[in-house]
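Step one of this worksheet: look at the structure below.
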Amino acid sequence: MLNGCQGQKEKNDLPAASKSSFLMDTIVSMKVYGEKPDKVIEEAFQRMREIENEMSVTLKSSYIYKINSNPGEPVKVDSDTFRVIRKAITYAEITDGNFDPSIRPLVSLWGIGTENARVPARSEIEEAKRLVNYKLIKLDEEEKTVVLQKPGMGIDLGAIAKGYAADEVRRIFKKHRVEHAFVNLGGNVLVVGGKPDGSPWVVGIQDPRRERGSVMASFKVKDKAIVTSGNYERYFEKDGVVYHHIIDPKTGSPARTNLLSATIICDDSFDADALSTSVFVMGVDRGLELVESLNGVEVMFINKDLEIILSEGLKNKIKVLNQDFKLVGNDNDEQI
Ligand code: AMP
Ligand code: MG
C-alpha cells in the first residue's frame, strides 16, 4: 500500500474535494482538483461500485460468480468483464503462467485473508493445481462469452480488477477536465498531472514491516500509475512461517521469492496491477528481465534483507527515507 503526501501549496482558485471509502475489499481514497469536484468523485465511486459488482468473486450477482458456477457453459458477460479477463490472459501468456486468472481454486483452498485460512495438505494442493490453467479459459470475441473448460475451475480477478478500476476513474476525471488528482485504491496509486502548483506528486512506498502508512521511500511522479504487491497485505502465520496471498501457480503455494514487495510504475494502472503481482511471483531476476523487456515500465523490489533493487529507469529517482533499507546495484548515490 502506498500513500500520497500532498503539497502545502494549492492553487487557490481551484476547487478541491476528497473522499475515502471501503470498496473492492480495500480502502479507496482520492483527491480531485477542478470544477465541481464532489460530483466528479461521486461519479468515480459509482463507477468503481459498478466494476466491483461485475467482477467480484464472492458477490452472487457478479459475472465472475456466474462463470465460476457454470463450468463448461458459455457465459455472456459485459464489455468491462470481457476486457479484464482478456487482459489477464494476455499477462498469463507474457509471464508464462506465473500470473494466472484461473487461480481461484488455489486461492479458495488456502483461504488467505478469510477466517478459513489454513495450510492445506500436499494432496489438496496438487488437486487444486490441476484446475489452474488459463489456457482452459475460452473467450468468444463476437459473442462476448467466457467458458471454463474443466469443472471446478474458477476465475479470480483480484490481481487486476483494481488496476482497471483506477484507469476507469482516470477516464472520468479526464471527461470532466480534471488536470490534478490523486487516487489510492488500496495500494494502487494513480496520479493525474502534477500537484496544482505544478510540482510533481510525491508518492510514498509502504514499509513492508510496519503498520500501514509507514513510508520507507518516496519518488516524484506526474501522470503515472504506481502499484505495489506485498506479502504483508493479506497473510497468516503458522509455526513462524508467513503464508501470504500471492500464489505461485507452479507450486500451488504462496510465492517464495525472498521478496517483501514489488512496485511497478508505468502509465496505466491496468498494466501496473497485473505486472506487480506477476513480478512478485517471478522474483527479482526474472521480474527484472520482464520489466526491462517492456517499454515504459519500471520496478522497485524490496527483499527480505531489506535491499532495494531497481530497474534501470528508476535508478537515482528514489529517495530512501529509512536507513534500514539499502539500495543495491546503484551506479551512484545521487538522489532526488
Ligand atoms: P495483488 O494484490 O494485486 O498482487 O493481487 C493479489 C490477489 O490476486 C490475490 O488476493 C488473489 O486473489 C489473486 N492472485 C493470487 N495469486 C495470483 C497469481 N499468481 N496470478 C493471478 N492472480 C493471483
Ligand atoms: Mg496486482
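List every residue whose amide H lies under 5 Å from the amide H of Ser214, counting only residues 5 or more places away in sequence or on a different chain, with H placed 1.01 Å from N in the peptide plane.
Excluding prolines and chain starts, which carry no amide H, the hits are Asp207.
Taking amide hydrogens as modeled 1.01 Å from N in the peptide plane, which residues meet the under 5 Å criterion relative to Ser253, leaving out close sequence neighbours?
Residues meeting the criterion, in which the H sits 1.01 Å from N, are Asp248.
Taking θ = phi - 60°, what integer Hz values does the Karplus form 6.51 cos²θ - 1.76 cosθ + 1.60 yield along the range 235-244, in sequence order, with x for Gly and Pro?
Calculated HN-Hα couplings, in order: 6, 9, 10, 9, 6, x, 9, 8, 9, 9 Hz.
How big is the convex hull of the Cα atoms of the chain, per residue, in Å³?
133
Let me have the 222 nm mean residue ellipticity of the chain computed from DSSP H runs of 4+ only, each contributing -39500 (n - 2.57), with the sum over all residues rounded to the nearest 500.
-9000 deg cm²/dmol
If I take every Cα pair under 8 Å that is 6 or more residues apart in the range 193-329, average their sequence separation and divide by the length, what percent do I get for the relative contact order?
Answer for the range 193-329 is 21 percent.
Going highest first, how would you order 256-268, 50-62, 233-245, 181-193 by mean Cβ packing within 10 Å?
Highest to lowest by the protection proxy: 181-193, 256-268, 50-62, 233-245.
Note down the Stokes-Einstein diffusion coefficient of the range 115-198 in µm²/s, whole number, using a Kirkwood radius over alpha carbon pairs, 25 °C, and 0.890 mPa s.
After rounding, the answer is 146 µm²/s.
In percent, how large is the relative contact order of the chain, given Cα pairs closer than 8 Å and 6 or more residues apart?
The normalised contact order for the chain reaches 18 percent.
Give the cross-link partners of Lys76 among the aspartates and glutamates, using a straight C-alpha distance below 13 Å as the criterion and excluding same-chain residues fewer than 8 apart.
Glu54, Asp140, Glu141, Glu142, Glu143
Greater than 29 Å separation of Cα atoms is the criterion. Which listed pairs, Lys66/Lys162; Lys138/Lys315; Lys66/Lys224; Lys60/Lys144; Lys135/Lys238; Lys19/Lys174, meet it?
Lys138/Lys315; Lys66/Lys224; Lys135/Lys238
Output ³J(HN,Hα) for the range 88-104: one whole-Hz value per residue in order, computed from phi by the Karplus curve 6.51 cos²θ - 1.76 cosθ + 1.60 with θ = phi - 60°, and x for Gly and Pro.
In residue order, the calculated couplings are 4, 5, 4, 5, 4, 5, 4, 9, 6, x, 5, 9, 8, x, 8, 6, 3 Hz.
Check Ile27: other-chain or 5+ apart residues with amide H under 5 Å from its amide H, H built from backbone geometry?
Under 5 Å from the amide H of Ile27: Gly186.
Per residue of the range 121-127, what does 6.51 cos²θ - 1.76 cosθ + 1.60 with θ = phi - 60° give for ³J(HN,Hα)? Whole Hz please, x for Gly and Pro, Karplus curve as stated.
Karplus values, whole Hz, x for Gly and Pro: 6, 3, 5, 5, 5, 4, 5.
Just so you know, all these numbers are worked out from the coordinates, no wet-lab data involved. All of these numbers come straight from a predicted model, not from anything done at the bench. Virtual Cβ from ideal backbone geometry, glycine too; neighbours counted across all protein chains shown.
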